[in-house]
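Structure first, then comments.
Values in this text are rule-based calculations from the coordinates and carry no lab data. None of the values given here were measured: they were computed from a predicted structure. Don't worry about glycine lacking a Cβ; one is built from the backbone with ideal geometry, like all the others, and counts go over all protein chains shown.
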Amino acid sequence: MALHNDLGVKGEGIAKIYLEENGYEILDENWVYGKAEVDLIAYRDGIMVFVEVKTRTSTAFGMPEEFVQKAKQKQMELASLQYIEIMNHQNDIRFDIIAIVFKKDNTYKLKHIEDAFWPED
């Protein structure tokens, strides 16, 4: 597996633990619909949360959350609509981003952006 894939898996694991420690129930991980993938699908307080996790070792090219661009948002929307239908979810949803930046000493900074975006047409 490529190093960037290892980093992504590590970041998703950290994000999952963070969400669980903050009262979220993890419903699914790496859920795929067509070409779209949602890293984590969580649930808390009646809200289904679709989470994109971005992990980086540097911010030289920008903050991790800046890489969740319109195309990715649209793909997440398509996947979320299918998931909502399958689960027959009738309440609110939102799209979050968890951005993780690792430092050279292998510590990291995690930023949870709730309601980070709403996909547009």
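Exposure proxy shown here: for Ile113, Ile17, the number of other Cβ atoms within 10 Å sets the order, fewest to most, as Ile17, Ile113. Expressed as a whole number of Å, what is the distance separating the alpha-carbon centroids of region 34-61 and region 85-121? Region 85-121 and region 34-61 have Cα centres spaced 4 Å from each other. For Thr57, the residues 5 or more places off, or on other chains, whose built amide H falls under 5 Å of its own are Phe102.
Exposure proxy ranking for Phe102, Phe67, Phe95, based on other Cβ atoms within 10 angstrom of each Cβ and starting from the fewest, stands as Phe67, Phe102, Phe95. On full extension, the segment bounded by Lys111 and Leu81 gains 8.2 nm, given 0.36 nm per residue less the C-alpha separation.
Taking the Cβ-Cβ separation of Lys103 and Lys35 as r and a Förster radius of 41 Å, what is the calculated FRET efficiency to the nearest 0.05? Approximately 0.80, to the nearest 0.05. Ordering Val38, Val32 by the number of other Cβ atoms within 10 Å of each residue's own Cβ, fewest first, gives Val32, Val38. Per residue, the chain reaches -10500 deg cm²/dmol at 222 nm when only DSSP H runs of four or more residues are counted, each adding -39500 (n - 2.57). The simple spin-label model puts a point 7 Å past each Cα toward its Cβ; for Val9 and Glu25 those points are separated by 2.8 nm. Angle check, please: helix 3-21 long axis (alpha carbons) against the longest principal axis of the chain (alpha carbons), in degrees 0 to 90, nearest 10. Taking Cα atoms only, the helix is inclined about 60 degrees. Compared with the dominant principal axis of the Cα atoms in the chain, helix 70-87 is inclined by about 50°.
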